[in-house]
Number of protein chains: 2
Amino acid sequence: MRLDRKSTNSDERKKTNLPDWSLLVPVLPTAGKRTPALYRELRRLIEAGSIPPGSKLPPSRDLAARLKTSRGSVVAAFETLIAEGYAVARTGAGTFVADRVPNVKPAVPLEVDPVPPAMPLPGTLGVAMADARMLNRFRTLLTRHLARPGPEHFHYGDPRGGEALRQAVAAYLRQARGVRCEACSIVITTGTQQGIDLVLRAVLSQGDRVMIEDPCYPSARAAFAGNGLVLSGLAVDAEGADIARATPGARAVYVTPSHQFPLGVTMSMRRRLALIDWARETGGWILEDDYDSEFRFAGPPLAAMQGMDDSGRVIYLGTFSKVLFPGLRLGYAVIPDALLEAVVALRSRSDRSPPTLAEAALTDLIREGHFAAHLRRARRQAEAARDALVEGLSAAKSLSVTVPDQGLHLVAGLPARLADTAAVEIARQAGLGVRALSAMAVTNPPRQGLVIGFSGFAPEVLRAAANRFALALG
Amino acid sequence: MRLDRKSTNSDERKKTNLPDWSLLVPVLPTAGKRTPALYRELRRLIEAGSIPPGSKLPPSRDLAARLKTSRGSVVAAFETLIAEGYAVARTGAGTFVADRVPNVKPAVPLEVDPVPPAMPLPGTLGVAMADARMLNRFRTLLTRHLARPGPEHFHYGDPRGGEALRQAVAAYLRQARGVRCEACSIVITTGTQQGIDLVLRAVLSQGDRVMIEDPCYPSARAAFAGNGLVLSGLAVDAEGADIARATPGARAVYVTPSHQFPLGVTMSMRRRLALIDWARETGGWILEDDYDSEFRFAGPPLAAMQGMDDSGRVIYLGTFSKVLFPGLRLGYAVIPDALLEAVVALRSRSDRSPPTLAEAALTDLIREGHFAAHLRRARRQAEAARDALVEGLSAAKSLSVTVPDQGLHLVAGLPARLADTAAVEIARQAGLGVRALSAMAVTNPPRQGLVIGFSGFAPEVLRAAANRFALALG
């Protein structure tokens, strides 16, 4: 074997005298800067290794001329560097960067101030409850995996996520939601948002027409609009969105059939079948966001639309953010065969694969039955939170509240005299975090109302905040 | 308050007799199917709640006619459902779905088989070492956070990632790499791949011309090509990529100045400054992937290019995948002010925000000095692994190996008679995972050689695999 033990940045390293300093002038501070700025910049470059140890600094006169500053400023900067050990003066030879520069690497812990995270108001959507039992279980499972970590954590894995989690999710979705799927067609995502983004990028092109329920989930609208698609709203009535009102030429439709966001209606069987027929006939795609189907308080849930589709036109999206916690960043998409290759390739080149440690703990959580047990508790907690919110709001004569039998939020109607955007501000001042329904419109005329969440806070906290708001409103 | 306690899917729930069965026929198995398929499909729909408890099944004669199958097949399917408790026969009234359907929800742990993850061969690129000390520390920190979880885990956070981690990363990058940055311009990513994808999507448009070092990091090439950009390769010589050979009209260039992937050369100061000048003059963007600068075995590292750029044209990308473990899925991008708003908005609508638990543990790892200590150990381990690989390869007279003073891989030159793709196969049979240099070309003529990693495996394992390959090669 021929061996070539070469230094890879030979041009800097071998000349300890006079690297071509004129080249460094552009990176020094803007011309005319005084001593402190010049000193700081030189020290930074020395500390960072950009001016290597032992190299000669340019004559102060030359540097001053190039920087259009006084020679005295340069000399003073050099003297500070010498005093601090960054440089040495050699009589008759000039000023040199020290051979050993202080503190190039952080030998001591870095000085950074901890930042207290902001706390959302009760009523804010998308907040999850800190469930001590689930978190303890999650901790035990994470600890187990970190004590005997498998090889999957140490190399890049399947872009869809680990097979064990995909199997567990597929089994769960088949049993709980009637989804037709196998592990091979599951893609573990960072949540519904990534699922939507991946599908739009893999399937649609800029300028394509798409439909989205109106009013809608604003983050979905942002994903569609951000990908350059032409949106039109599909009006929602008591039976859900109605595909009969579709824009001609639409290539995809985004729906929340289980519990429409934000209005809370469940899409009727008739509408579901019409939507599936539309997709089959036009070759369109249905994005089914089954976002809070886990939280059903009365009666059995209606199964996912995906399970009724024989033609492979439904992309099914879900998340663990709401049932576990949003900071987990794990969700799933069930991808029809025809799209699988494109979605997997895109996932690979856009962010490779999911995090393996969280995956491993979640797999065990599902497999060992803790997830199902947690879901039952979480459902009861959500129901109690819903009741507390409704009770708190009941002091307001002017509100009309639809009590949902599923989900984690409700919609309140306002008196005609009060704009929902104004009511949002009244609520904020009362310590309740609500959203204006009018801000969730797509292309249809905005409706007025308030969207209020009831997850993530203790019933008494929700009740108190809702009551303050109700009293302020009258 | 007016209270409307309505069921949200009233049309299914209120009629316990005869839902409109003709609507369900399209979702039943294809016409002509026999009993077993029909039974399975009906059971699935019942379990999933698509056919609600208590509802009447259609007369067997009607269903048989609609499905174009024999009445006997339908009756047999109904009888199986009755035998298993999914349905009940009421004399004179017909067959009904049972009021309580067995096993609608997983009450017992799901039956899923654990899948052993695949194990890569020694020499494979991108594999990290399971460092017990770091993993134990990580476990302690995760446990601490899960025992007293902060509110940041339970709602959606800053799309850039938590401020505490961004501060810690900014301080680390300033000290260790001479990067000019504050926490506000850091975006925590899932790794370099997401950093590249976010920047390309936020900054460039389909059809834009871009340049990429040639030969290149194949995953970067995939991200560029996948976003519809027109690529040209920028040839790499002993001083790194040379912007003087740029394609006119290029809007961005992707470089690895610290340690070119795959060739291993460090870009000279001259070339760096020329590249910065190019960006300033043309308004082009530089994507600086500083991918293995943490692993420098001899002499101080040259600082990042980003720190030499006064004009805000460099996007700096890095990852914790290589210094910690790939399954962690955490990296960072330092975004120039002019791009920050666009990148943050894109991150928010494409996958919201990073996982908070891993963030919290990593923040502590950096802040408390464990990360710096781990880095020193990891660097020594990598150096020992490099030496073992070189030693193992030394038995092959026909190889010429360039021993790198940085990084986690080396390049070996082959005799003219042997194509690198053929050598890859010889290596695989000897149990060494190598990549063909020729497969990493962009638009310049492919070079021949092997790219061999030395991370993630014990020195003796690498030495043995390399030795087997060397003996096979001769």
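The values are calculated or read from the model by the stated rules, or taken from the named source; none is laboratory data. This one's a predicted model, so the numbers in the text were calculated from it and none came from an experiment. Here the Cβ positions follow ideal geometry from the backbone for every residue, glycine too, while neighbour counts run over all protein chains shown. Ligands, DNA and RNA are stripped out before the accessible areas are found, and what is left, the full protein with its side chains, is counted by its heavy atoms. Shrake-Rupley method; radii C 1.70, N 1.55, O 1.52, S 1.80 Å.
Using just the C-alpha positions of region B:215-358 as equal point scatterers, what log10 of I(q)/I(0) does the Debye formula give at each q in 0.11, 0.14, 0.19 1/Å? Taking Cα atoms of region B:215-358 as identical point scatterers yields -0.44, -0.72, -1.34. Could you list which residues have their amide H under 5 Å from that of A:G433, counting only those 5 or more apart in sequence or on another chain, with H placed in the peptide plane? Long-range HN contacts for A:G433: A:G123, A:T124.
Roughly how many percent of the accessible protein surface of region A:353-474 is carbon and sulfur, given a 1.4 Å probe and a whole-percent answer? Write out the running numbers ahead of the final one.
Details: 2350 of 4330 Å².
The nonpolar share, carbon plus sulfur, comes to 54 percent.
What's the buried accessible area, both sides, between B and A using a 1.4 Å probe, rounded to 100 Å²? Each step should come with its number before you reach the end.
On the way: alone 23260 and 23250 Å², together 35020 Å².
Approximately 11500 Å², summed over both chains.
Relative contact order of chain B: 17 percent, from C-alpha pairs under 8 Å at least 6 residues apart in sequence. Couplings for region B:177-187, taken from phi via the Karplus curve 6.51 cos²θ - 1.76 cosθ + 1.60 with θ = phi - 60°, read 10, x, 6, 8, 7, 10, 3, 5, 9, 8, 10 Hz in order; Gly and Pro are left as x.
Projecting the Cα atoms of A:Q206, B:T190, A:G226 onto the charge dipole of the protein assembly as shown (Cβ charges, centred on the Cα centre) puts B:T190 farthest toward the positive pole.
Around B:V230, with a cut-off of 9 angstrom between Cβ atoms, what is the net charge of the other residues, counting Lys and Arg +1 and Asp and Glu -1? Walk me through the numbers before you get to the answer.
Values: positive: B:R209; negative: B:D208.
Overall, the nearby charge balance is 0.
Lysine pair count for chain B (Cα-Cα distance under 24 Å; residues 8 or more apart in sequence or on different chains): 11. Heavy-atom accessible area, probed at 1.4 angstrom with all protein chains present, ranks A:R380, B:R201 as A:R380, B:R201, highest first. For A:T189, nonlocal amide neighbours, meaning residues 5 or more places apart or on other chains whose placed amide H falls under 5 Å from its own, are A:G331, A:Y332, A:A333. Karplus-based coupling profile of region B:460-474, in residue order and whole Hz: 5, 5, 5, 4, 5, 5, 5, 5, 4, 5, 4, 5, 5, 7, x, with θ = phi - 60° in 6.51 cos²θ - 1.76 cosθ + 1.60 and x standing for Gly or Pro. Around the Cα centre of region B:132-371, unit charges on the Cβ atoms of Lys, Arg, Asp and Glu (plus for the first two, minus for the last two) sum to a dipole of about 560 debye. Distant-in-sequence amide contacts of B:S232, defined by a placed amide H-H separation under 5 Å and a gap of 5 or more residues or a different chain, comprise B:V210, B:M211, B:I212.
Placing +1 on the Cβ of every Lys and Arg and -1 on the Cβ of every Asp and Glu, with nothing else charged, gives the protein assembly as shown a dipole about its Cα centre of roughly 660 debye. Using θ = phi - 60° and the Karplus form 6.51 cos²θ - 1.76 cosθ + 1.60, what ³J(HN,Hα) does each residue of region B:402-418 get, whole Hz, x for Gly and Pro? Using θ = phi - 60°, the values come out as 8, 7, x, 9, 7, x, 10, 8, 9, 10, 10, x, 10, x, 4, 6, 10 Hz. Charged side chains reduced to their Cβ positions (Lys and Arg at +1, Asp and Glu at -1) give region B:166-284 a dipole of some 300 debye around its Cα centre.
Of all DSSP beta bridges confined to region A:268-392, the antiparallel ones make up roughly 50%. The contact residues of region B:349-389, meaning those that lose at least 30 Å² of 1.4 Å-probe accessible area when all protein chains sit together rather than their chain alone, are B:R349, B:S350, B:D351, B:R352, B:P355, B:L357, B:R367. For region A:266-303, a decrease in accessible area of 10 Å² or greater in the assembled protein chains relative to the isolated chain, with a 1.4 Å probe, applies to A:T266, A:S268, A:M269, A:R270, A:L273, A:R280, A:R296, A:P300, A:P301, A:L302, A:A303. Select from region B:226-242 all residues whose loss of accessible area on going from the chain by itself to the full protein assembly reaches 30 Å² or more (probe 1.4 Å). SASA drop of 30 Å² or more in region B:226-242: B:G226.
For region A:138-282, the solvent-accessible area of protein heavy atoms averages 30 Å² per residue (probe radius 1.4 Å; ligands and nucleic acids excluded). Kindly provide the helix-only [θ] at 222 nm of chain B, computed as the sum of -39,500 (n - 2.57) over DSSP H runs of four or more divided by all residues, to the nearest 500 deg cm²/dmol? The helix contribution divided over chain B gives -12000 deg cm²/dmol. Compactness check for chain B: Cα Rg over 2.2 N^0.38 Å is 1.33.
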